[in-house]
Amino acid sequence: MLFIGTTSSKKGNAMNDFISRYQNQISGVITGFDRLVFRGNLSLNHETGMKGYLWANGIAWKDYAQHVGEVSQRVKQASLASMEACNRPIRYLTGGKESKEEMARAIAQQDGITSGPICAFTAVEPCFTWRVTGNRQTQKLQLLRSMRQCLFVYHYWIDAVFGFMSARLQTWFPFALYVYMNGREWLARQMDQVGLSYQRHDNCFPWIEDFPRAQTLMDEQLKTDWSGSLDACAARAHPLFPQLFANYPMRYYWTSFQSEWAMDIVFRDPQQLRRLYPQLIHLGMVSFSSPDVMRFMDKKVSRKGATAGPNAHEVVSDLKVRSEGVRIKHRLGKNSIKLYDKAYAECGAVLRPEITLNAPGQFRVFRHKSGQQEGPMQWRPLRAGVADLHRRAEVSQKALDLYCTALARVDDTTTLRQLTAPLEKRVRWNGGWVRALHPFEANDLALLEAVNRGEFTINGLRNRDLKAKLFTAPSATKDEDRRRSAAVSRKLRLLRAHGILRKMPHTHRYQVTENGRLLLNAILSAQRATSQQLTTLAA
C-alpha cells in the first residue's frame, strides 16, 4: 500500500533504480501530468435533481419534450455566440474519423492564433439523457434515463495559463461537460513566463536549460484552484448556465475523468536510447508477469500470483508499432502503464514511462472518511474528485517508480544486433568462403529452430535427424534423398563455419556450442516476441 504524504517527484526519483543506474547518461527528468480530462456533472444526473429542476421552473410532464428541445437550441446558440463574435470558424462534422484536435491545431497554425478562441465544432453523438414515458403498471408518466443521439459542441482555444485546451458540451440535459488540457503544454507556458529556454518536440522536451527549475514549475501545477479554473472553462463553453438554473441553483461537480502521469527521462545521446530501448521492450514483454504488473498497480498479490479482493482484473500486455516507434502497454482493468520512446533529436532523446488512470478506485490511499476532516484515517479507495488530484499524482509516481525499478534489471551489456552482426557476414573456413547467415529470414530461421530443439541437447544431431526436421514429406526417390542429404550437409557446414555447431569427436553427430546456444536463445526469443506483437496487432 502507498502512504500518502506530500507530493515530491524528486523524492520519487530518488527511489527509482533505473534513473540511478543511467544517471551518467541522463541530462534530466521531468515528471507530471500529461493529458488531463475533467468531467463536470450536475445534480441533474440524478432523478431527484431533474425532478427538482422541472418543479422549480413549473414544467409539466406533458410539456417536457417541448421544453428540453427549446432549451437545447438556446444552449447551442449561446455556446457558439462567442465564436461568432470573434469571427472564428464553426464547422459541423458528419463523421468521427478525423482528429478534432489536429484539425483545431491546423486552424490555429493557419490563422496564426497564439491566444484566445480558435474554432468550434458541432457533432451529433450518443449520450445519456432523460425522457418522459408512460408506465403501464402505474398508468402514470415517469422520468427515465436512456441513451440517445444529441448535439455536442466542441470549443478550442489557447488559454493564457494552460495553453491549448478544449471543452465538449452536451447540449441536452443533463449538460455533461468535459474539459481537456495538457500538463506539458501548460509547462511550456510556465517556462516562457520565467524565461527558461527549452527545445520542444511535439509533446515533450528533449532539452531544457534547467531541469530542476522546470520540475519545480510542474510541481506548482498541483497547487491550482481546479474548481475555480474549471468553472471559468464552463462559463466559456456553457454561458447560458447561470440563467438556465436561476430558479434551481447548482454548480458543476468536477472529477478527473482520465489522467495520464508521465515521466520523461531525457538521454543526452540519442544513440544510447536507440541501443537500450529494444532491450527494454523485450524485457517488458517477456519478463514482466501478471503479478508484476499487479504490484506496479498497487494490488496485493499472493505468493501464487492471485489478487486479493472482489475486483480482480485480467492483465493484458501488448506491443504497438507507431509511426514514431514501438510502445509496450500493460493493462489492468481500465488502468494501464506503458513505455515508449517519445522523441529523438540532436539535443537528446526522451524515454517516457506513463500511467493512465481511468478507474482511480483501484488504488488505495490513507485518508479520512469522505466529508470528514477529523477522526480515524484508514486505507480507502482513491477518489475521482479534483480535490484528490495531488493524491492521484503521488500514487501515479509511485507506480512509475516501481515500473522503472523493474526495468533497471535489463541486461544492456550486448545488444541483439551486436550478437548477430558477425553471423550476417561471410566467413572463410577450411580454405573456402562460406556465405552469411541471415537469422531472421524464413529459411535460416527454420534451420536455427531445428538445431535448437531439446532432443538434440544431450546427444547432438545427425544429418538424418536434421533432414527429418527440415523436410517433412518423405523423399520420392533415392536421388532426391541424396540431394536432401547433400543440402543438409551444406547447412551443417554453414553452422560450423559460424561457430554455432561443432562436430563431436569420433562420431557423425554435431552439437550446439556454448556461444551458439547464447545466439540461438537470443534470436529465437526476439522472434517469439515479434510474433506475439504481430498476433496482438492482428487481433
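Once R0 is set to 30 Å, what does the formula 1/(1 + (r/R0)^6) return for the Cβ-Cβ distance between ASN41 and GLU314, expressed as a FRET efficiency to the nearest 0.05?
Details: r = 30 Å, r/R0 = 0.99.
Efficiency for this residue pair is about 0.50.
Got a sec? What order do THR513, THR472, THR31 fall in by accessible area at 1.4 Å, biggest, i.e. largest, first?
In descending accessible area the options line up as THR472, THR513, THR31.
GLU346 to ASP210: extension gain in nm, 0.36 nm per residue of separation minus the Cα-Cα distance?
Using 0.36 nm per residue and subtracting the Cα-Cα distance, I get 47.2 nm.
Of all beta bridges DSSP finds with both residues in segment 83-221, what is the antiparallel percent, to the nearest 5?
90 percent
Could you give the nm distance between label points at LYS223 and ASN430, where each point is 7 Å from its Cα heading toward the beta carbon?
Simple spin-label model gives 7.7 nm for this pair.
Find how many whole Å separate the alpha carbon centroid of segment 440-505 from the alpha carbon centroid of segment 195-259.
When both Cα centres are located, 65 Å separates them.
Straight distance only, please: which aspartates and glutamates reach the Cα of LYS62 with their own Cα at less than 18 Å, same-chain residues fewer than 8 apart left out?
GLU47, GLU70
Rounded, prolate or oblate, given the Cα gyration tensor of segment 49-148, with a/c below 1.5 counting as rounded?
prolate
Full-extension gain between TRP379 and ASN521, please, as 0.36 nm times their residue separation minus the C-alpha to C-alpha distance.
Gain on stretching TRP379 to ASN521: 46.6 nm.
Once phi is turned into θ = phi - 60°, what whole-Hz ³J(HN,Hα) does the Karplus curve with 6.51, -1.76 and 1.60 give for every residue of segment 460-473, x standing for Gly and Pro?
Once rounded to whole Hz, the list reads x, 9, 10, 4, 5, 5, 5, 4, 5, 7, 8, 10, 6, 7.
How far apart, in nanometres, would the label points at LEU144 and GLU449 be if each is projected 7 angstrom from Cα along the Cα-to-Cβ direction?
5.6 nm
Below 13 angstrom from the Cβ of GLN511, what's the summed charge of the other residues (Lys, Arg +1; Asp, Glu -1)?
Around GLN511, the charge tally is +4.
So if I place +1 on the C-beta of Lys and Arg and -1 on the C-beta of Asp and Glu, and nothing else carries charge, what would the dipole magnitude of the chain be about its Cα centre? I want it in debye, nearest 20.
2400 debye
Over the Cα atoms of segment 60-103, each weighted equally, I'd like the Debye log10 I(q)/I(0) at q = 0.22 Å⁻¹, rounded to two decimals.
Here log10 of I(q) over I(0) equals -0.86.
Against the longest principal axis of the chain, how steep is helix 100-111, in degrees 0 to 90 to the nearest 10, with axes from Cα atoms?
80 degrees
Taking only the alpha-carbon positions of segment 200-241 and ignoring solvent, what does the Debye formula give for the base-10 log of I(q)/I(0) at q = 0.14, 0.24, 0.28, 0.31 Å⁻¹?
For segment 200-241 at q = 0.14, 0.24, 0.28, 0.31 Å⁻¹, log10 I(q)/I(0) is -0.56, -0.82, -0.91, -1.00.
Semi-axes of the equivalent ellipsoid for segment 153-218, please: Cα gyration tensor eigenvalues, times 5, square-rooted, ordered largest first, whole Å.
Here the semi-axes work out to 31, 10, 9 Å.
Return one number: the angle in degrees, 0 to 90 and rounded to the nearest 10, between the long axis of the Cα atoms of helix 226-237 and the longest principal axis of the Cα atoms of the chain.
Tilt relative to the chain: about 70 degrees.
List, in the order given, every pair from LYS97/LYS338; LYS320/LYS425; LYS320/LYS398; LYS51/LYS140; LYS299/LYS338; LYS300/LYS334 whose Cα-Cα distance in the structure shown is over 21 Å. List each step's numbers first, then the result.
Working: LYS97/LYS338 25 Å; LYS320/LYS425 31 Å; LYS320/LYS398 25 Å; LYS51/LYS140 15 Å; LYS299/LYS338 17 Å; LYS300/LYS334 17 Å.
Violating the 21 Å Cα-Cα cut-off are LYS97/LYS338; LYS320/LYS425; LYS320/LYS398.
In 5 Å bins starting at zero, report the fraction of Cα pairs in segment 421-539 per bin as a rounded %.
Spelled out per bin, shortest first, that is 2, 10, 19, 22, 19, 14, 8, 4, 1, 0, 0.
Give the longest segment of the chain that steers clear of GluC sites (Glu not before Pro) in DSSP loops with at most 14 neighbouring Cβ atoms within 10 Å, not counting the sites themselves.
Values: sites that count: GLU98, GLU209, GLU314, GLU324, GLU346, GLU374, GLU441.
Free of exposed loop sites, the longest segment is 99-208.
Considering the dipole of segment 393-445 built from charges on the beta carbon (Lys and Arg +1, Asp and Glu -1) around the Cα centre, which of ALA393, ASN443, GLN418 is farthest to its positive end?
ASN443
How far, in degrees from 0 to 90, does helix 478-497 lean away from the longest principal axis of the Cα atoms of the chain, to the nearest 10?
Its long axis makes an angle of about 80 degrees.
Using +1 on the beta carbon of Lys and Arg, -1 on that of Asp and Glu, and nothing else charged, what's the dipole of segment 119-268 about the Cα centre, debye to 20?
It comes to approximately 1020 debye.
Expressed in whole Å with the largest first, what are the equivalent ellipsoid semi-axes of segment 179-257 derived from the C-alpha gyration tensor as the square root of 5 times each eigenvalue?
Working from the Cα gyration tensor, I get semi-axes of 35, 12, 10 Å.
Would you work out the Kirkwood radius for segment 351-463? I mean one over the mean of 1/r across all pairs of different Cα atoms, in Å.
Numbers: mean 1/r = 0.0493 Å⁻¹.
Its Kirkwood hydrodynamic radius stands at 20.3 Å.
Length gain on complete extension for the stretch ARG464 to ARG105, per 0.36 nm per residue less the alpha carbon to alpha carbon distance?
122.7 nm
Just in segment 116-197: which trypsin sites (Lys or Arg not before Pro) are loop by DSSP and have at most 14 other Cβ atoms within 10 Å?
Qualifying residues, ordered by number: ARG136.
Considering the dipole of the chain built from charges on the beta carbon (Lys and Arg +1, Asp and Glu -1) around the Cα centre, which of ALA78, ILE59, LEU402 is farthest to its positive end?
Going by the charge dipole, the pick is LEU402.
Would you calculate a helix-derived [θ] at 222 nm for the chain, using -39,500 (n - 2.57) for each DSSP H run of n ≥ 4 and dividing by the full residue count, to the nearest 500?
Taking each H run of at least 4 residues, the total per residue is -11500 deg cm²/dmol.
What dipole magnitude, in Debye to the nearest 20, does segment 210-253 give about its Cα centre under +1 on Lys/Arg Cβ and -1 on Asp/Glu Cβ?
180 debye
Report, to the nearest whole %, how much of the accessible area of the chain belongs to carbon and sulfur atoms, 1.4 Å probe, protein only.
Exposed carbon and sulfur together represent 50 percent of the surface.
Starting from one equal scatterer on each C-alpha and no solvent at all, send me the Debye-based log10 I(q)/I(0) for segment 434-498 at q = 0.15, 0.17 Å⁻¹, two decimals.
-0.48, -0.62
Taking the solvent-accessible surface of protein heavy atoms with a 1.4 Å probe, what is the per residue accessible area of the chain in Å²?
Heavy-atom SASA per residue in the chain reads 51 Å².
State, to one decimal in nm², a quarter of the convex hull surface area for the C-alpha atoms of the chain, i.e. the direction-averaged projected area.
Reported value for the Cα convex hull: 37.1 nm².
Among GLN142, VAL286, LEU44, whose Cα projects farthest towards the positive end of the dipole of the chain, with charges put on the beta-carbon of Lys, Arg (+1) and Asp, Glu (-1)?
VAL286
The values are calculated or read from the model by the stated rules, or taken from the named source; none is laboratory data. All values derive from a computational prediction rather than experimental measurement. For neighbour counting, all protein chains shown are included, and Cβ atoms are generated from backbone atoms with ideal geometry for every residue, glycine included. Please note that ligands, DNA and RNA were not included when accessible areas were found on the heavy atoms of the full protein model with its side chains. Shrake-Rupley method; radii C 1.70, N 1.55, O 1.52, S 1.80 Å.
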